[in-house]
Amino acid sequence: MQKEGVPFSGYSELRRLMETGEPVCVTFETEEQDTKKEFWGAVPASGAVPVQETVPCHEVMPKEKVTGRASEELPEKSGFLFCELVQKARMGEKFRISGQGCSPGDYVLGFSEESPAEYYLKSGRYRTIQAAEKAALSLPRLKKKFCSIVIEPLSLNRGNFDVLIFFLKPEKAMRVVQANAYSEGNRTVMDTMGAASICGDCTVLALEKGIGLSFGCKGSRKHSGYEDFEVPLGIAFKKVEEIEEGLLKLPETTQ
């Protein structure tokens, strides 16, 4: 069992996949004692600021298993996009947030019920409002109750998270797919449309399906700045041990 306050040092094979920065842990925190609080905002986790007023937690499903303990210090809303925060965490920063700066991201992560269809149409991503509405309806949406989100590099995590996000060269992403198939020969199904990639494909869809593989999206590539040759990929906590074991057993690509 991981000791409290001690950074997690496991998953050596998964750590080796990324050539720049670290895998990023995303944890949806719930408050076990008081389920009627909601924390808005984002600051580095070490500098959260107490807020006096509280309102109900984000809730789209009944209370689930607690994945992380929410602090009594309440974070402020971030002006950064979720994908930007993930990139910053990749390079060593840690955040605890209850809001972020992307309207489609708000919809995907459950901060808002407002469809991004109009936003998508105005941005020129889709030909008609009908196409934009269909695209918005197809976005994955978080089916989980939470009060705040912790976004941190794997080296700062305590061994408990919801999703692990990577930015990989195609050959490394291939090895994750192979590792997923190692035990039972299962195919990895890719489900994406070039929108809401980090928040949707690699976080929410990864939580639902176990793995979320994406080519990215205009927003995340434009604002968070990962490389053109990098493929974003998310792995749910429940799949991480299986993927790590598969990576240990697989022959090297060049062999």
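The values are calculated or read from the model by the stated rules, or taken from the named source; none is laboratory data. The model shown is predicted, which means the values in this text are computed figures rather than measured ones. Cβ coordinates were reconstructed from backbone atoms using ideal geometry, including for glycine residues, and neighbour counts include every protein chain displayed. Areas reflect the complete protein model, heavy atoms only, side chains present, ligands, DNA and RNA absent. Shrake-Rupley method; radii C 1.70, N 1.55, O 1.52, S 1.80 Å.
Protein chains only, probe 1.4 Å: how do 215, 229 rank by accessible area, largest first?
On the way: 215 135, 229 110 Å².
Listed by decreasing accessible area, they come as 215, 229.
Give the accessible area for residue 83 in Å² (nearest 10); use a 1.4 Å probe, count only protein heavy atoms, and leave out ligands, DNA and RNA.
10
Which trypsin sites (Lys or Arg not before Pro) in segment 92-146 pass both tests, a DSSP loop state and at most 12 other beta-carbon atoms within 10 Å? Can you show the working numbers first?
Working: sites: 94, 96, 122, 125, 127, 134, 141, 143, 144, 145; in loops: 94, 125, 127, 141, 143, 144, 145.
Here the trypsin sites (Lys or Arg not before Pro) that fit, given the DSSP loop and packing criteria, are 127, 143.
Loop only by DSSP, 12 or fewer other Cβ within 10 Å of the Cβ. Give me the GluC sites (Glu not before Pro) in segment 73-181 that pass, ordered by residue number.
Values: sites: 73, 76, 84, 93, 113, 114, 118, 133, 171; in loops: 73, 76, 93, 113, 114.
Those that pass, being in a loop and sparsely packed, are 113.
Is the shape of segment 190-253 rounded, prolate or oblate, going by the alpha carbon gyration tensor and its root eigenvalues a ≥ b ≥ c, with a/c under 1.5 for rounded and a/b larger than b/c for prolate? Intermediate results must be reported in sequence, preceding the final value.
Details: a/c = 2.70, a/b = 1.57, b/c = 1.72.
Oblate.
Are there any GluC sites (Glu not before Pro) in segment 208-244 that are in a DSSP loop and have at most 12 other Cβ atoms within 10 Å? List them by number.
Passing both the DSSP loop test and the Cβ count: 227.
Find the eigenvalues of the gyration tensor of the Cα atoms of segment 87-219, then list the square roots of 5 times those eigenvalues as equivalent ellipsoid semi-axes, largest first, in whole angstrom. Each step should come with its number before you reach the end.
Numbers: eigenvalues 131, 82, 37 Å².
Each semi-axis is √(5λ); the values are 26, 20, 14 Å.
Determine the dipole magnitude for segment 197-255: charges of +1 sit on the beta-carbon of Lys and Arg, -1 on that of Asp and Glu, nothing else is charged, the reference point is the Cα centre, and the result goes in debye to the nearest 20. Could the numbers behind the result be given before it?
Values: 7 positive and 10 negative charges, 62 e Å.
Dipole magnitude for segment 197-255 comes out near 300 debye.
Using alpha-carbon pairs under 8 Å, 6+ residues apart, how would you state the relative contact order of segment 130-235 in percent?
Working: 128 pairs, mean separation 33.5, N = 106.
After rounding, I find 32 percent.
Please calculate the 1.4 Å probe accessible area of residue 91, with all protein chains present, and give it to the nearest 10 Å².
We get 120 Å² for residue 91.
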